[in-house]
1. Starting from the Cα-Cα distance between L107 and M145, subtract it from 0.36 nm times their residue separation and give me the gain in nm to one decimal.
2. So, R0 is 41 Å and r is the distance between the beta-carbons of T349 and E260; what FRET efficiency does that work out to, to 0.05?
3. How high is the FRET efficiency between I36 and L201 when r is their beta carbon distance and R₀ equals 22 Å, given to the nearest 0.05?
4. Relative contact order for region 61-207: what percent, with Cα pairs under 8 Å and sequence separation of 6 or more?
5. So how many Å³ per residue does the convex hull of the Cα atoms of region 61-207 work out to?
6. Report the extension gain between T27 and D340 in nm, rounded to one decimal, defined as 0.36 nm multiplied by the number of residues separating them, less their alpha carbon distance.
7. To make sure I understand, if each residue's beta carbon is the centre and we count other beta carbons within 10 Å, what order do R69, R279 fall in, fewest to most?
8. Calculated FRET efficiency, S65 and R161, Cβ-Cβ r, R0 41 Å, to nearest 0.05?
Amino acid sequence: MEIKHRLIYILLPVFLIAGCSQQGDKTYTEEVIEGIRYIHNHAPLWGDETKVELEFVMQIGDNESEDERYTFRSPSFVSEDRDRNIYIVERYPNNRVKKYTSNGIYLNTFEVTVYDIGIDTGLESICIDNNGNLNVCISPPIAGMASELVTLDQTGKETNRITFEWKLTTEYFVLKNGNIVSEERRDSTLFSMHDKDGKFLFAFGKRRIYEDKSFTGHRNYFTIDKDDNIYMVYGSQNRLEKYNAEGKLLFNSDRKLDYEETIEGKIKYNRPDYNRFSRSIGVDYKGRIWTVTYLKQPDFEPGKESEGIRKLEIFNSEGILLGYTDVPDCFDFLFHIYQDHIYFTNIDTDCVYVYKIVEK
């Protein structure tokens with residue numbers, strides 16, 4: 001027995017040294033708290049090498065064209081169906097969806113009825129479900145008013161309309177089982193799940209609550225993958241999260257940046273002033289997570305040109321930072337990824353720019 005104890009005491013420091021050495025070689029550290037993985041990225045796994053690049057494919061839309069099939073008014077969202085046809089949402093006042101082939105050839109226009117309530121209510125986003133139906137989000141610009149999810153079939157006929165009272169959101173995604181997930185901005189949760197008829201099922205995710213309520217509703221960005229996992233990146237926090245379709249948090253990931261989170265906001269130039277982190281999110285054909293992140297803070301002072309330094313960050317499906325690639329000049333506010341294509345909407349040029357993800 002005495003010999004066994006001595007052997008354990010001798011071997012234990014060896015194991016500790018080996019474990020520390022292995023951890024030191026990693027570009028990230030990981031901890032598990034109450035069954036949830038927390039990933040802390042210290043450097044990109046790819047190092048200084050960029051292993052993917054974006055190859056320009058085409059531009060859809062021409063604001064100088066007289067052909068209405070190829071002109072937009074405030075394109076806000078892009079989706080694909082199983083055949084890789086492209087659907088582009090136009091906001092108020094047009095409130096319609098245009099459909100194109102994968103090569104950008106016009107196919108159809110879907111008009112969506114938006115009831116006149118005296119304010120500029122319009123379309124925000126679209127999700128194509130497993131049956132090829134168009135599920136379009138109508139969102140009012142004022143909190144406290146009802147948003148709607150309108151379903152159209154491929155002929156343009158409205159087949160369903162769900163009204164969500166007191167819900168300010170701009171996106172709904174329809175999962176394979178018919179459930180509907182959306183961001184929840186009015187309380188301490190992040191998401192709400194409804195059934196196909198709009199009945200509330202459950203809420204999940206934890207929102208940071210600020211003393212000043214005007215900062216609590218910061219814009220976040222979320223998407224789903226082919227398995228209905230749900231991803232969210234935060235506009236004002238160093239935080240990337242993945243949930244399953246039942247609302248269970250699978251991981252929380254952060255990364256090393258040259259600035260900190262704004263714990264309590266302040267007002268500057270008559271609007272909330274806080275550190276900006278990320279904009280938009282998408283998942284590609286390899287399950288990699290993409291988001292646009294500020295590497296340093298932009299200068300929003302009126303009259304100044306500085307937009308800061310932005311990069312497209314790429315994480316693997318487990319929240320580990322892989323690397324970066326450049327953000328195209330056409331990026332305005334949102335992008336959407338379907339398989340190996342990334343779509344950038346630009347409301348200044350009223351165009352959609354299509355790029356292909358290419359492995360190097």
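No lab work stands behind these numbers, since they all come straight from the coordinates. The structure displayed is predicted, hence computed values, not measured ones. Ideal geometry is used to build each Cβ from the backbone, glycine not excepted, and the neighbour counts take in all protein chains shown.
1. On the way: separation 38, 0.36 × 38 = 13.68 nm, distance 3.39 nm.
Length gained, L107 through M145: 10.3 nm.
2. Numbers: r = 34 Å, r/R0 = 0.84.
That pair, T349 with E260, gives E of 0.75.
3. Details: r = 22 Å, r/R0 = 0.99.
The computed FRET efficiency comes out at 0.50.
4. Values: 343 pairs, mean separation 18.3, N = 147.
For region 61-207, the relative contact order is 12 percent.
5. 119
6. Details: separation 313, 0.36 × 313 = 112.68 nm, distance 2.63 nm.
Full extension from T27 to D340 adds 110.1 nm.
7. On the way: R69 13, R279 20.
Ordered from fewest to most neighbouring Cβ atoms within 10 Å, R69, R279 come out as R69, R279.
8. On the way: r = 33 Å, r/R0 = 0.80.
Efficiency, from the Cβ-Cβ distance: 0.80.
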